Amino acid sequence: MSFEKHSCTLVQRASQDSPSATIGQRAAGFSTLPFSGARMNTSRQRLAMFVLASALAWRCGAEPLRVAADTAPIGLSTAIRLALDQPAARAAAHEVAASEALVGQAGRLPNPELSWLREGQQAGTRTTTVQINQPIELGGKRRARVALAQGAADVARGDRLAQRQAIRADVIAAYHDVLIAGHRLALAQALTDLARRTVDVAGKRVAAGKISPIDETRARLAAVDASTALTQATAALAIARTRLAALVGRPADTLALEDDSDRLPDAAPIETLLARESTAVRRARGQLAARQAQADVERAARVPDVTLSVGTQKDDQAGRRQAVVGLSVPLPLFNRNEDALRAALRRTDAANDDLAAARVETAAALTAAHTRYATAKQEARLLRDDVVPGAKTAYEQTLKGFEYGKFSFLDVLDAQRTWFQVQTRQWDSLETAWRAWADIERLAGTDQD
């Protein structure tokens, strides 16, 4: 049986003993653990068993906090789906539909104009003209308008995709912030409980003349630090839970999550990620296409349109009706739309530079996020597989040595503190890794629509 399983069994067995039994007596099963041939001091044995039982009670029973036990826990994919169904994401979809409708509107032909004209007031001398005037667009104006509307629709689709990936990344980060904050709170609670009990034990040993009052002072300072850390961990969990609740649209006090904080995904090679077109680059490309289409619209506006008129004219005095055909063309003498075209071309140049800048910035940000993720993932695995077990073993051995008078009480506290600290580092590394993964998803994730 492993140490943790054996320890958990003893702790559970101790909880079934008489309420009047001391912690050291309940955990006395550890007194037979071999260390040396020396006989253990009873007070040291009880103190050691108290420290060990307190720590093991946390290891056996402390789990990431789940609110609303009657609520089925949700996984990360479910949380993302809920977030993508919130009003902000739906509003972006409506904007895409609206921009697509404008593509059809841009292709509409101009309406004809019906005109009626009467000359003269007296009957028999009046002339009445009825005609239809139809504007005819030249220079590719209609085609340019359609291209501009399509560019605007592409930009709207790019904005929606960027928003979806931003929401996805926010949920990934917030989801694991809640999980890791729960682990930190459990760790802080265990450390606080142990620190408070250590103060009581230290006070009794000072009164008995076993240790120096300085040791009691150190224990009290450690308890204050642990209590402060517990307060901060509680607030951090509440903040993280509120943020996730706002993203998924559920009350914070009903959130229950599946714990996958230690299951870090494998990242694609950086070359593969850089080969993907990020949402920022795609949006910049759409903006460039829209600017180019706007320049085409302004260029086409330099070509005058003609208006074709067809109608009939009735001359009462001559007693006849005759056809009327006309053609009107504006003369581009004062306004050739030169300045508007120049402005559109400069905006096209700016959009082209924005596209180049987006590529550089995305590549830099993606490379940094990939490096952070790989480093944090490696560190988290190293802490989980080597450092945390090593610190745990050192703590156990120090505790055994204390039972036989080989180490001081402060040595036990230092070993215990180191064990807690490396676990905190493990959660810090996991948090860094998940946030870096969220950045990768934001920059180079694939659309899940």
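The values are calculated or read from the model by the stated rules, or taken from the named source; none is laboratory data. Nothing here was measured: the structure is a model prediction, and the numbers come from that model. FYI the Cβ positions are ideal-geometry reconstructions off the backbone, even for glycines, and counts take in every protein chain you see.
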Residue match in the stretch 212-230 (condition: loosely packed, with under 14 Cβ neighbours inside 10 Å, under 19 Å from the mean Cα position of the chain (by Cα) and within 30 Å of ARG435 (Cβ to Cβ)): no
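Of the residues ARG302, ARG243, ARG263, ARG282, which single one is in contact with a Gly (Cβ under 9 Å, 6 or more places away or on another chain) and either closer than 30 Å to ALA174 by Cβ or of a type in the set (Ser, Thr, Tyr) (or both)? Show your work before the answer.
Numbers: ARG302 fails: either closer than 30 Å to ALA174 by Cβ or of a type in the set (Ser, Thr, Tyr) (or both); ARG243 fails: in contact with a Gly (Cβ under 9 Å, 6 or more places away or on another chain); ARG263 fails: in contact with a Gly (Cβ under 9 Å, 6 or more places away or on another chain).
Unique residue meeting the criteria: ARG282.
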Residue match in the stretch 352-370 (condition: in contact with a helix residue (DSSP H, G or I) (Cβ under 6 Å, 6 or more places away or on another chain), of a type in the set (Ser, Thr, Tyr), in contact (Cβ under 8 Å) with a residue 60 or more places away in the chain and buried (at least 19 other Cβ atoms within 10 Å of the Cβ)): yes
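Out of all the residues in the stretch 399-449, which are of a type in the set (Val, Ile, Thr), more than 26 Å from VAL281 (Cα to Cα) and in contact (Cβ under 8 Å) with a residue 40 or more places away in the chain?
If we filter the stretch 399-449 for residues that are of a type in the set (Val, Ile, Thr), which is where we start, we get 412, 418, 422, 424, 432, 440, 446.
Narrowing further to those that are more than 26 Å from VAL281 (Cα to Cα): 412, 418, 422, 424.
Those that are of a type in the set (Val, Ile, Thr), more than 26 Å from VAL281 (Cα to Cα) and in contact (Cβ under 8 Å) with a residue 40 or more places away in the chain: VAL412, THR424.
Take the stretch 418-445 and flag every residue that is among the basic types (Lys, Arg) and either over 17 Å from the mean Cα position of the chain (by Cα) or buried (at least 23 other Cβ atoms within 10 Å of the Cβ) (or both).
The initial filter retains those residues of the stretch 418-445 that are among the basic types (Lys, Arg), namely 425, 435, 442.
Correct list: ARG425, ARG442.
Using the structure shown, decide if ARG263 is in contact with a strand residue (DSSP E or B) (Cβ under 9 Å, 6 or more places away or on another chain) and in a loop (DSSP other than H, G, I, E, B). Please lay out each step first, then the result.
Values: in contact with a strand residue (DSSP E or B) (Cβ under 9 Å, 6 or more places away or on another chain): no; in a loop (DSSP other than H, G, I, E, B): yes.
No, not satisfied.
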Residue match in the stretch 252-269 (condition: surrounded by 14 or more Cβ atoms within 10 Å (Cβ to Cβ), over 22 Å from the mean Cα position of the chain (by Cα) and either modelled with pLDDT of 90 or more or not assigned by TED's automatic domain parsing to the domain that holds ASP85 (or both)): no
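Just need a number here: residues in the stretch 187-217 that are hydrophobic (A, V, I, L, M, F, W, C) and not in a helix (DSSP H, G or I).
Let us first name the residues in the stretch 187-217 that are hydrophobic (A, V, I, L, M, F, W, C), namely 187-188, 190-191, 194-195, 199, 201-202, 206-208, 211, 214.
Keeping just the survivors that are not in a helix (DSSP H, G or I) gives 208, 211.
Number of matching residues: 2.
Could you tell me whether any residue of the stretch 236-248 is assigned by TED's automatic domain parsing to the domain that holds LEU355, over 30 Å from ARG81 (Cβ atoms) and surrounded by fewer than 16 Cβ atoms within 10 Å (Cβ to Cβ)?
Step one: of the stretch 236-248, the residues assigned by TED's automatic domain parsing to the domain that holds LEU355 are 236-248.
Then keep just the ones that are over 30 Å from ARG81 (Cβ atoms); that gives none.
For the stretch 236-248, residues assigned by TED's automatic domain parsing to the domain that holds LEU355, over 30 Å from ARG81 (Cβ atoms) and surrounded by fewer than 16 Cβ atoms within 10 Å (Cβ to Cβ): absent.
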Tabulated pairs, the stretch 276-289, first closer than 14 Å to ALA357 by Cβ, second of a type in the set (D, E, K, R), C-beta under 7 angstrom, 6+ apart or interchain: VAL281/ARG359; ARG283/ASP159; ALA284/ASP354; GLN287/ASP354
Residue check, LEU194 among the hydrophobic types (A, V, I, L, M, F, W, C), in the same structural domain as LEU410 (by TED's automatic domain parsing) and either surrounded by fewer than 19 Cβ atoms within 10 Å (Cβ to Cβ) or touching a helix residue (DSSP H, G or I) at 6+ places or on another chain (Cβ under 8 Å) (or both): yes
Residue in the stretch 122-144 that is nearest to ALA300 (Cα to Cα), counting only those that are touching a Lys or Arg at 6+ places or on another chain (Cβ under 9 Å) and part of a helix (DSSP H, G or I): ALA144
Hits in the stretch 78-127 (condition: touching a Leu at 6+ places or on another chain (Cβ under 8 Å) and more than 30 Å from ASP170 (Cβ to Cβ)): ALA106
Where SER212 falls short, out of the listed (1) under 30 Å from GLN232 (Cβ atoms); (2) without any contact (Cβ under 8 Å) to a residue 24 or more places away in the chain; (3) polar (S, T, N, Q): (1)
Given (1) under 28 Å from ALA290 (Cα atoms); (2) modelled with pLDDT of 95 or more, number of the condition ASP154 does not satisfy: (2)
